[in-house]
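Heads up: the structure comes next, in C-alpha cells.
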Amino acid sequence: MSTILQTIDLRMTYHVGKMDVHALRGLSLEVERGEFLAIMGPSGCGKSTLLHLCGGLLTPTEGKVLVDGEEITASSDARRTDVRRRKIGFVFQKFNLFPTLTAEGNLKLAERIFGKGSGNGERRREVLSLLKLESKMRHKPLELSGGEQQRVAIARALVNEPALILADEPTGNLDSENSEIVLSMLRDLNKKTNQTIVMITHNPEAAQYADRIIHMRDGHVVSEERPVAPPVPEGTELEGVHS
Amino acid sequence: MDSLVFENVRHRPLRTIISLSGVAIGVVLTVLTVGLAHGMLRNTAERQANVSAEIMFYAAGDFSPATGQALGLDTLYKTAILEGTSRVQPIAGVAEVSPVAQYLQTSVSGVGFEIVEGVDFASYSNVTDLKIVDGRFAVGDEAVVDRRYARDKKDINGQPIAIGSKILLFGRPVPVVGIYEPEIGARLKLPLDTLQRLVVNGAEKCSLLLIKVKNPAEQDQVAAALRATYPSNRIVMSRDLPSIVSGSIGSLEVFLKVVVRLAAVVSTLVILLAMYTTIIERTREIGVLKSLGASKTFIVVTIVKEALLIAVLGILVGAAVSVLGKFGVEAATSLHVDVELKWLAIAAVIGLVSSVAGALYPAIRAAYQDPVKALSYE
C-alpha cells in the first residue's frame with residue numbers, strides 16, 4: 001500500500017486579537033491509499049483545521065502536507081487549487097449543494113470545474129446510481145431528504161474520481177437512520193472501489209465504520225485504534241460496484 | 001437548464017428584475033434622448049427645406065430655429081422693405097415678404113407643447129411650397145393643419161381630424177378647414193391676424209419675415225442691403241440653416257454625451273450593487289466552489305457571465321421600451337423620436353461594458369475570499 005496523504009510536523013497558529021491560538025502543534029500523520037480513516041476529538045482540538053490543511057484550503061504555519069506525493073503547503077494558491085480540483089473531493093456536514101441546481105446539475109458543475117466541459121453523462125448516472133439516486137437526478141436539493149442531499153454531495157465529490165475524499169462530519173446533520181445509510185455507503189465505496197476517505201466525526205458509532213480511528217486533543221494525535229466494522233444495514237449496499 | 005449562471009438569474013427574480021431594469025433604463029435614456037434630439041433636428045431641417053424664401057428677417061436678439069421666437073417684430077417692416085417709408089428706401093430685388101407669427105402653446109392633446117403659426121396665406125404660398133390639398137385656406141377663427149397632424153391628432157370629440165373637425169385652440173373650439181402639404185414650419189396654422197388678436201390683442205406683430213428675392217443669384221446683395229438698412233435686426237440666410245442646425249448639434253452632442261455617460265453610470269451602479277449583494281448572499285456558495293477546486297478565474301468568469309446575461313436581458317427590454325416609447329411620445333405629442341440602430345448598438349455596448357465593470361469588483365472580491373471563512377458563513 002502507498003501513502004496518499006501525509007502530514008509532517010504540521011503546526012497551525014491562529015492570531016485572535018493579541019492572542020495566539022495553537023490549533024495544531026506538530027501533527028504528523030500518514031493515510032494509506034484505500035484507507036478509511038476517522039478522526040475524532042473534542043471541539044477545538046484541531047480536527048477541522050487539519051482537514052482544511054489537507055485539502056489545501058489553509059496554509060499551515062509550519063510543516064508539510066503531501067497529497068498523492070505532491071507537496072501543497074509550499075505551493076501557490078493556484079497550485080493548491082489545482083491539486084484540490086484533481087485529487088480531492090469534499091463532503092460537508094451541511095451538504096453545501098447548490099440549491100438552484102438539480103442533483104445532476106450539482107455533479108455537472110463539479111465536472112465543469114474539473115475541466116470536463118459539459119461532462120460525462122454516463123459517469124454521472126453511474127455515480128448517482130451507485131448512491132441509489134437514479135430517480136432523483138432531476139430533483140433540486142430542497143426536494144430531497146437530508147440523507148439524499150448528503151448522498152448527492154458524496155456523488156459530487158466522487159464524480160471526478162478523486163484520490164482522496166475529505167468528509168467533515170458528514171452525518172452531523174442527519175438522523176440516525178440516514179446516518180447509517182450514508183456511513184454504510186461510504187464504507188462500501190471504500191471497500192469496493194478502494195476510495196480513500198478521511199472523515200471527521202464526533203460520533204463514536206460513526207467512527208466504527210472506519211478502518212482506523214485517530215483521537216486528537218489540543219492539536220496532537222493522542223491515540224489510535226482499529227475498530228471492528230459494524231454490520232451493513234439491509235438495503236444500503238452499493239449496487240453495481242465490484243472490488 | 002443545469003447552468004449555475006442561468007439558474008441564479010432565474011431563481012432570484014427580484015434581483016434579476018431590479019438589475020435588468022437598471023440596464024434597461026440606461027438603454028432607454030440613451031436611445032430616447034438621442035432619438036428625440038436627432039428626430040427634432042431632422043424634422044426641423046426637413047420642414048425648413050420646403051421654404052423657398054432665401055432670407056429670414058428677425059427682430060434683434062437670440063435666434064432659435066427649433067422653437068421660433070415670440071411676436072417681437074413689427075409687421076410694418078414688410079411694407080418698409082417692399083415699398084420704403086419716409087425714412088428708408090425700399091430694398092431692391094425683393095419679390096415677396098411674408099410675415100410669420102409663432103406661438104408656443106400646450107399641445108392640443110394636453111401633453112407637451114406645440115408651435116402654432118399665424119401666416120398670411122396669400123404671401124406665404126409665394127415664399128414656400130405650401131399647397132392646400134384638401135379644403136381651403138383658413139379665415140378668421142379657422143385653422144389648417146398638415147397631413148401628419150391630421151393623421152396623428154384627435155379632435156375635441158376624440159375623433160381623427162378631418163375637414164370640419166374642431167380642435168381646441170386658446171381654450172376655444174376652432175374648426176379645421178384645410179389640410180396642406182408638404183410639412184413646413186408649424187403643423188398648425190391660423191390666419192396671421194387671428195393669432196395677433198389672440199396673443200397680442202391685435203397688434204401688428206410677428207416673429208419673422210420670410211423674404212423671397214427676385215433673382216436667387218442676388219440674394220447676398222439683398223441681404224447686404226437689409227443689413228445696411230436695418231443693422232439692429234438679425235438677417236439669416238436660408239442656405240445657412242444646415243450649418244446653424246449643425247451648430248446646434250455641436251452643443252447638443254455635449255449634452256448627449258453627458259446623458260450617455262449618466263446612463264453608463266446608472267447601469268454600472270445598479271449592476272455593482274446587485275452583484276455585490278448577491279455575492280454577500282452567496283458567500284458560502286463561493287466557498288463551496290473553491291472547495292471543489294474552482295480557480296479565481298472560474299469564479300470571476302461565472303459572476304461576470306451572470307451580469308452579462310442580466311445585461312443582455314436588460315438591453316432587450318430597454319430596446320423594446322425605447323421603440324414603444326417612440327410611438328408613445330409621437331402619438332401623444334408633436335415631438336419626433338428617431339430610434340437609430342447605431343444608437344441602439346451604442347446603448348447595447350454601454351450596457352454590456354457597464355455590466356462587466358459593475359460585476360468585476362464583486363467578482364474579484366469573491367474570487368479572493370478565504371474559502372474556510374466563506375464555508376462557515378451563515
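The values are calculated or read from the model by the stated rules, or taken from the named source; none is laboratory data. For clarity, every value in this text was computed on a predicted model and none was experimentally measured. So basically every Cβ, Gly included, is an ideal-geometry build from the backbone, and we count neighbours across all protein chains shown. For accessibility, only protein heavy atoms count, side chains too; no ligands or nucleic acids. Shrake-Rupley method; radii C 1.70, N 1.55, O 1.52, S 1.80 Å.
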Filtering strands (runs of 3 or more DSSP E) wholly in segment B:169-277 for at least 3 residues that are under 25 Å from the mean Cα position of the chain (by Cα) gives B:172-181, B:188-191
Exercise for review: Report yes if residue A:36 is within 11 Å of chain B (Cβ to nearest Cβ) and in contact (Cβ under 8 Å) with a residue 24 or more places away in the chain, otherwise no.
Suggested key: no
Pairing a residue in segment A:140-161 that is touching a residue at least 12 places away in the same chain (Cβ under 8 Å) and within 14 Å of another protein chain (Cβ to nearest Cβ) with any residue that is of a type in the set (D, E, K, R) and assigned to a loop (DSSP other than H, G, I, E, B), where Cβ atoms lie under 8 Å and the two sit 6 or more apart in sequence or on different chains, gives A:160/A:116
Residue B:22: passes all of (1) modelled with pLDDT under 85; (2) open to solvent by less than 30 Å² (accessible area, probe 1.4 Å); (3) not hydrophobic (A, V, I, L, M, F, W, C) but (1)
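From the list B:363, B:307, B:359, B:367, which residue is within 14 Å of another protein chain (Cβ to nearest Cβ) and either among the acidic types (Asp, Glu) or under 30 Å from residue A:80 (Cβ atoms) (or both)?
Just a single option satisfies the conditions, and that option is B:367.
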State whether the residues of segment B:119-129 include one that is over 24 Å from residue B:76 (Cα atoms) and modelled with pLDDT under 90. yes
I'd like to check something: does segment A:204-212 contain any residue that is in contact with a Gly (Cβ under 7 Å, 6 or more places away or on another chain), buried (at least 22 other Cβ atoms within 10 Å of the Cβ) and either without any contact (Cβ under 8 Å) to a residue 60 or more places away in the chain or not in a loop (DSSP other than H, G, I, E, B) (or both)? no
Scanning segment B:7-43 for residues that are within 14 Å of another protein chain (Cβ to nearest Cβ) and either part of a loop (DSSP other than H, G, I, E, B) or in contact with a Leu (Cβ under 7 Å, 6 or more places away or on another chain) (or both) gives B:7, B:9, B:12
Could you say whether any residue in segment A:134-145 is open to solvent by 30 Å² or more (accessible area, probe 1.4 Å), more than 26 Å from residue A:57 (Cα to Cα), outside any loop (DSSP other than H, G, I, E, B) and among the hydrophobic types (A, V, I, L, M, F, W, C)? yes
Across segment A:101-119, the tally of residues that are among the polar types (S, T, N, Q) and surrounded by 23 or more Cβ atoms within 10 Å (Cβ to Cβ) stands at 1
Suppose the filter is closer than 22 Å to residue A:190 by Cα, buried (at least 22 other Cβ atoms within 10 Å of the Cβ) and under 16 Å from the mean Cα position of the chain (by Cα); does residue A:39 pass it? yes
Residue pairs qualifying under the 6 Å Cβ cut-off, at least six apart or on distinct chains, with the first in segment B:138-156 being touching a residue at least 12 places away in the same chain (Cβ under 8 Å) and the second being open to solvent by 30 Å² or more (accessible area, probe 1.4 Å) and in a strand (DSSP E or B), are B:142/B:175; B:147/B:181; B:155/B:166; B:156/B:166; B:156/B:168; B:156/B:173
>> I'd like to check something: does segment B:284-298 contain any residue that is within 13 Å of residue B:5 (Cα to Cα), of a type in the set (Lys, Arg) and within 14 Å of chain A (Cβ to nearest Cβ)?
In response: no
Picking from B:258, B:266, the residue that is surrounded by fewer than 19 Cβ atoms within 10 Å (Cβ to Cβ), over 27 Å from residue B:59 (Cβ atoms), without any contact (Cβ under 8 Å) to a residue 60 or more places away in the chain and of a type in the set (Val, Ile, Thr) would be B:258
**Asked** If we scan segment A:1-16, do we find a residue that is more than 11 Å from chain B (Cβ to nearest Cβ), open to solvent by less than 60 Å² (accessible area, probe 1.4 Å), farther than 24 Å from residue A:169 by Cα and not in a strand (DSSP E or B)?
**Response** yes
_Condition check for residue B:202: under 20 Å from residue B:138 (Cβ atoms) and without any contact (Cβ under 8 Å) to a residue 24 or more places away in the chain_ = yes
Exception for residue B:29 within (1) in contact with a Gly (Cβ under 6 Å, 6 or more places away or on another chain); (2) open to solvent by 20 Å² or more (accessible area, probe 1.4 Å) falls at (1)
- prompt: touching a Leu at 6+ places or on another chain (Cβ under 8 Å), modelled with pLDDT of 90 or more and not small (Gly, Ala, Ser) - does that describe any residue in segment B:168-186?
  reply: yes
For residue A:26, the lone unmet condition from (1) within 14 Å of residue A:220 (Cα to Cα); (2) within 12 Å of another protein chain (Cβ to nearest Cβ); (3) in a strand (DSSP E or B) is (2)
Whether any residue in segment B:338-354 is more than 21 Å from residue B:21 (Cβ to Cβ), touching a residue at least 24 places away in the same chain (Cβ under 8 Å), surrounded by 21 or more Cβ atoms within 10 Å (Cβ to Cβ) and among the small types (Gly, Ala, Ser) is what I want to check. no
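Residue-by-condition table, conditions (1) in contact with a Gly (Cβ under 6 Å, 6 or more places away or on another chain); (2) of a type in the set (A, V, I, L, M, F, W, C); (3) within 8 Å of chain B (Cβ to nearest Cβ):
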{"position": "A:96", "(1), (2), (3)": "no, no, yes"}
{"position": "A:100", "(1), (2), (3)": "no, no, yes"}
{"position": "A:104", "(1), (2), (3)": "no, no, yes"}
{"position": "A:108", "(1), (2), (3)": "yes, no, yes"}
{"position": "A:111", "(1), (2), (3)": "yes, no, no"}
{"position": "A:114", "(1), (2), (3)": "no, yes, yes"}
{"position": "A:119", "(1), (2), (3)": "no, no, no"}
{"position": "A:131", "(1), (2), (3)": "no, yes, no"}
{"position": "A:135", "(1), (2), (3)": "no, no, no"}
